Amino acid sequence: MNRNIIFFDVDGTLVDVRPAREYIPESTIQAVHAAREKGNLCFLCTGRSKAEIYSHILDVGFDGIIGAGGGFVEIGNEMLYHKKISQDAINHVVDFFDKHHFDYYIESNGGLYASPHLVKRLEWITYGDLENDPQARQKKEETPSHFIPSLKEGYDLHRDDVNKVCFLEKDGFPFEKIKEEFDNEFNVIHCTVPSFGDDSGELSVPGVNKASAIEALITHLGIPKENTYAFGDGLNDADMLEYCQYGIAVGNAKEQLKEIADEVTDDIANDGIYHSMKKHHLI
């Protein structure tokens, strides 16, 4: 029997990022375990870089990672490939964002590096007024973010190990204006984290996407495309869902993604991934 390979987007698909403290539904964890026990392969396929794939995600147990939106592919501990942003492109984006006072961060596999005011803004978005509101301080204590403490501050952001740059929305700078500025040097897409704002986005290596990474991986592993499944929720999952034989949008996905998906399952909080994997006899 041929092995199947299943790809999971992280934010909004594997991981529910709607609460202040992200979590993976227990039914999804059970589904991943059961699928691997049947001999199927389970891979993360995420826009996140390695430094943002926290232990509570990795501890579920996966066969590998497609990260940085396809920028690197890792099988177990083996790096199949890793494509990074050029130094000239990084210098351009850092200088532009600093000049116009954007809040942003740089992603590398070794860390997440924040612009000067990003952490304070994210704390305000996530918890509220920590200085003056006791309820905000209580929220931070009871449901702390995984993401905010992982950001490193005070570093030079003109780095040579960058997978991706993420920026929060900025008044006076619609997404299309940013796309126009960087389209020749980057793959520019909308960000999938709602709290970052409608005009937030991601800048990554041009020509790299989840579909091209999946193609390279299954070719390396000798797995036919007919045995591929993908779960996603955001528009950055569109190429992945269109490429794989079975492209499945979770119930909480963007409407535009649901329209192109082969099928739509339930919300992840209502065991959507588990039900779909059971339907396809993957578990």
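The values are calculated or read from the model by the stated rules, or taken from the named source; none is laboratory data. If you're wondering where the values come from, they're calculated on a predicted model, not measured in any experiment. Using ideal geometry, Cβ is built from the backbone for each residue, glycine included, and neighbour counts are taken over all protein chains shown.
Could you list, in sequence order, the residues of region 54-94 that are part of a helix (DSSP H, G or I), of a type outside the set (A, V, I, L, M) and within 23 Å of residue 231 (Cα to Cα)?
55, 56
If a residue has to be more than 16 Å from residue 65 (Cβ to Cβ) and either surrounded by 19 or more Cβ atoms within 10 Å (Cβ to Cβ) or among the small types (Gly, Ala, Ser) (or both) to count, how many in region 35-51 make the cut?
Number of matching residues: 3.
Looking for whichever is over 29 Å from residue 168 (Cα atoms) and crowded, with 22+ Cβ neighbours inside 10 Å here; the options are 93, 15, 10, 32. Which one fits?
Unique residue meeting the criteria: 32.
Return yes or no: is residue 148 touching a Leu at 6+ places or on another chain (Cβ under 7 Å) and outside the structural domain of residue 18 (by TED's automatic domain parsing)?
Against the criterion (touching a Leu at 6+ places or on another chain (Cβ under 7 Å) and outside the structural domain of residue 18 (by TED's automatic domain parsing)), residue 148 qualifies.
Out of 222, 247, 272, 232, report the one residue that is surrounded by fewer than 20 Cβ atoms within 10 Å (Cβ to Cβ) and either within 22 Å of residue 38 (Cβ to Cβ) or under 15 Å from the mean Cα position of the chain (by Cα) (or both). Lay out the reasoning, then the answer.
Values: 247 fails: surrounded by fewer than 20 Cβ atoms within 10 Å (Cβ to Cβ); 272 fails: surrounded by fewer than 20 Cβ atoms within 10 Å (Cβ to Cβ); 232 fails: surrounded by fewer than 20 Cβ atoms within 10 Å (Cβ to Cβ).
Unique residue meeting the criteria: 222.
Can you name every residue in region 235-244 that is surrounded by fewer than 20 Cβ atoms within 10 Å (Cβ to Cβ) and either touching a strand residue (DSSP E or B) at 6+ places or on another chain (Cβ under 7 Å) or modelled with pLDDT under 95 (or both)?
235
Free of Cβ contacts under 8 Å to residues at least 40 places away in the same chain, closer than 22 Å to residue 222 by Cβ and either among the basic types (Lys, Arg) or surrounded by 17 or more Cβ atoms within 10 Å (Cβ to Cβ) (or both): is that true of residue 5 in this structure?
For residue 5, the condition - free of Cβ contacts under 8 Å to residues at least 40 places away in the same chain, closer than 22 Å to residue 222 by Cβ and either among the basic types (Lys, Arg) or surrounded by 17 or more Cβ atoms within 10 Å (Cβ to Cβ) (or both) - is not met.
Would you mention how many residues in region 33-68 are among the hydroxyl-bearing types (Ser, Thr, Tyr) and touching a strand residue (DSSP E or B) at 6+ places or on another chain (Cβ under 7 Å)? Even if it seems obvious, please write down each step before you answer.
Quick first cut of region 33-68, residues among the hydroxyl-bearing types (Ser, Thr, Tyr) only: 46, 49, 54-55.
Those still in the list that are touching a strand residue (DSSP E or B) at 6+ places or on another chain (Cβ under 7 Å) too: 46, 49.
Matching residues across region 33-68 total 2.
I need every pair where a residue in region 253-273 that is within 15 Å of residue 8 (Cβ to Cβ) and in contact (Cβ under 8 Å) with a residue 12 or more places away in the chain has its Cβ under 7 Å from the Cβ of a residue that is among the small types (Gly, Ala, Ser) and not in a helix (DSSP H, G or I), sequence separation at least 6 or different chains.
253/232; 257/232; 257/234; 257/249; 261/247; 261/249; 265/251; 272/251
Being assigned to a loop (DSSP other than H, G, I, E, B) and in contact with a Ser or Thr (Cβ under 8 Å, 6 or more places away or on another chain) is the filter; apply it to region 180-229 and report the residue that is nearest to residue 88 (Cα to Cα).
Only one residue fits best here, namely 185.
For region 115-138, what are the residues that are buried (at least 19 other Cβ atoms within 10 Å of the Cβ) and farther than 22 Å from residue 19 by Cβ?
115
Among the residues of region 22-35, is any modelled with pLDDT under 95 and either in a loop (DSSP other than H, G, I, E, B) or not assigned by TED's automatic domain parsing to the domain that holds residue 222 (or both)?
Scanning region 22-35, I find at least one residue that is modelled with pLDDT under 95 and either in a loop (DSSP other than H, G, I, E, B) or not assigned by TED's automatic domain parsing to the domain that holds residue 222 (or both), so the answer is yes.
Do you know which residues across region 121-150 are assigned to a helix (DSSP H, G or I) and either free of Cβ contacts under 8 Å to residues at least 24 places away in the same chain or over 16 Å from residue 196 (Cα atoms) (or both)?
124, 134, 135, 136, 137, 138, 139, 140, 141, 142, 149, 150, listed by residue number.
I'd like to know if region 52-70 contains one or more residues that are surrounded by fewer than 21 Cβ atoms within 10 Å (Cβ to Cβ), touching a Lys or Arg at 6+ places or on another chain (Cβ under 8 Å) and at pLDDT 95 or above.
Yes, region 52-70 contains a residue that is surrounded by fewer than 21 Cβ atoms within 10 Å (Cβ to Cβ), touching a Lys or Arg at 6+ places or on another chain (Cβ under 8 Å) and at pLDDT 95 or above.
Condition check: in the same structural domain as residue 12 (by TED's automatic domain parsing) and either touching a strand residue (DSSP E or B) at 6+ places or on another chain (Cβ under 8 Å) or hydroxyl-bearing (Ser, Thr, Tyr) (or both). Does residue 219 satisfy that?
Yes: the conditions hold for residue 219.
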